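Inspection log for the structure reproduced underneath, given as C-alpha cells.
The values are calculated or read from the model by the stated rules, or taken from the named source; none is laboratory data. Bear in mind that the values here come from a model prediction, so they are computed numbers and not experimental data. Heads up, the Cβs are rebuilt from the backbone with ideal geometry, glycines too, and the neighbour counts pull from every protein chain shown. Protein only, heavy atoms only, side chains kept; ligands, DNA and RNA dropped before computing areas. Shrake-Rupley method; radii C 1.70, N 1.55, O 1.52, S 1.80 Å.
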Amino acid sequence: ESGKWLPLADVVVFAELGVLWRWSERDACWRHSVELVLIDARPFAAGQLRHAHFCRLLSDASSGYVAKFAKNGAEPRRTYFEDVRMQSIAADLAARFNARAPPKRVNVVAAAVLELPLRTGDDARVCGIETAIDGVSVDAPFRKYNNNTGWQTEQGVRNTPQAFSHFTLEESKKQLIVVDIQGGVGFGVGNHGQTGIDAFLATHQCNAVCTHLELPKVVGENATGGLGSTVPKPVIDIS
C-alpha cells in the first residue's frame, strides 16, 4: 500500500505474537486481547523520545496503526500504560471542546499498549500503538504545534491547538493541561506536571478561538493532579 509501508526490499516484516491492552474509561479498567502483528523494522519518523513504525494487526487488516518504541529501549513498562490513560483523558477533553462548537474540531487518535512477550535480548518488548492518520507517510510526516516545555509554532499559524491547550487547563479546573500537540499522528501528552503548566502559561497568547470559547485570560496559578497507578500485570512473561 503506497505511503503506508516502506518498499519491501528495504524492510523486514514478520508476524509476531502481541498482547494488546486497551483502557476502558467507562469501566476504569484494562482489557486485553492476544494478537498477531506486523511491524515495519525501520521507523518512518522519530520524536524526542520514541521512534514511530507502521504496524498492522492481522485481526484488523483493513486498518493501519503506528507503533512507538522508546529510543533508549529502557523506558519503564508502566510509562506506556500511563501514556494511554492520559491519551484517554485527552480524548474526553477533546469531545468537550468540540461540544463548544469551535471553528475547527480536535480529534484524538485511539491509543493502546502493545506487548511483544516473545522478543528476546535487546529487542523492545513493549510499545505504544495508535491508529494511523490518513495522509501521514514516510514522505509526509506530522507537524508539531506545541510541546510540554512552553514552545509553540508561529503565533497565528494554528490557533486551534493553542486554544485547545488553554481549554483543557480551564475545563480540568487547572488540574492538567494537554500539550505536545501534533498534526498527523495525534497527541503525545508529556507529564511534566506543574512545570509544564507554568511553561504553557509563560508563552501562551490568547487568540480568536480562545475568545470564541470565552476562555478567561490565563494566569500562573498552582495546579495539582495525577492519574494514580493502574498498570496491569503481564499476561505472558518468559523472562
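Collect the residues in region 68-81 that are among the charged types (D, E, K, R) and either open to solvent by less than 30 Å² (accessible area, probe 1.4 Å) or more than 20 Å from A46 (Cα to Cα) (or both), keeping them in residue-number order. Before you say what the answer is, go through the steps one by one.
As a first pass, look at region 68-81 and keep what is among the charged types (D, E, K, R): 68, 71, 75, 77-78.
Passing the criteria: only R78.
Being open to solvent by less than 50 Å² (accessible area, probe 1.4 Å), assigned to a strand (DSSP E or B) and out of contact with any helix residue (DSSP H, G or I) (no Cβ under 9 Å at 6 or more places or on another chain) is the filter here, so list the residues in region 25-62 that pass it. Correct list: C29, I39, A45, R50, A52, H53, F54, C55, R56, L57.
Highlighted here are the helices (runs of 4 or more DSSP H) found entirely within region 129-229 that include at least 2 residues which are within 27 Å of V66 (Cβ to Cβ), aromatic (F, W, Y) and at pLDDT 85 or above: 159-171. Can you find a residue in region 89-97 that is within 23 Å of P234 (Cα to Cα), open to solvent by less than 70 Å² (accessible area, probe 1.4 Å) and out of contact with any strand residue (DSSP E or B) (no Cβ under 8 Å at 6 or more places or on another chain)? So far as region 89-97 goes, no, none of its residues is within 23 Å of P234 (Cα to Cα), open to solvent by less than 70 Å² (accessible area, probe 1.4 Å) and out of contact with any strand residue (DSSP E or B) (no Cβ under 8 Å at 6 or more places or on another chain). Between a residue in region 104-127 that is open to solvent by less than 70 Å² (accessible area, probe 1.4 Å) and any residue that is modelled with pLDDT of 90 or more and part of a loop (DSSP other than H, G, I, E, B), which pairs come within a Cβ distance under 6 Å, given they are 6 or more apart or on different chains? Pairs that qualify, where the first residue is open to solvent by less than 70 Å² (accessible area, probe 1.4 Å) and the partner is modelled with pLDDT of 90 or more and part of a loop (DSSP other than H, G, I, E, B), are L116/R125; R119/R125. Condition check for C29 on (1) out of contact with any Gly (no Cβ under 9 Å at 6 or more places or on another chain); (2) closer than 15 Å to G128 by Cα; (3) touching a residue at least 24 places away in the same chain (Cβ under 8 Å): one failure, at (2).
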